[in-house]
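Asks: Quick one: this structure, given as structure tokens, is what I'll be asking you about.
Only the coordinates and a few stated rules stand behind these numbers; no lab work does. The structure presented is a predicted model; accordingly, all values stated were derived computationally and were not measured. Cβ placement follows ideal geometry from the backbone for every residue including glycine, while neighbour counts extend to all protein chains displayed.
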């Protein structure tokens with residue numbers, strides 16, 4: 001039987017984020033890239049405060065964003 005591997009980690013939240021907030025993941029990553037702040041919890045708080053995002057969804061996006069080696073300003 002040919003089963004696709006189960007998505008794990010922050011990306012496992014992506015389908016629910018897209019469905020709940022009506023924007024593709026690239027939209028949220030682009031918004032995060034536009035922020036000068038690069039501290040994890042500050043970015044999570046910003047998504048929660050400015051975009052009414054739940055903590056788990058915000059955290060998943062920030063973890064994924066900060067893990068990208070080509071994310072602007074991420075060392």
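Asks: Under 8 Å for C-alpha pairs, at least 6 residues apart: give me the relative contact order for the chain, rounded to a whole percent.
Replies: 34
Asks: Counting only helical runs of four or more DSSP H residues, what would the 222 nm mean residue ellipticity of the chain come to if each run contributes -39,500 (n - 2.57) and the total is spread over all its residues?
Replies: Rounded to the nearest 500, the figure is -16500 deg cm²/dmol.
Asks: Take residue 38, project a point 7 Å from its Cα along the Cβ direction, then tell me which residues of segment 11-29 have their backbone nitrogen under 20 Å from it.
Replies: Only 28-29 fall inside the zone, counting backbone N under 20 Å.
Asks: Along each of its three principal axes, how wide is the spread of alpha-carbon positions in the chain, in whole angstrom units, largest first?
Replies: So the extents along the principal axes, rounded to whole Å, are 47, 28, 18.
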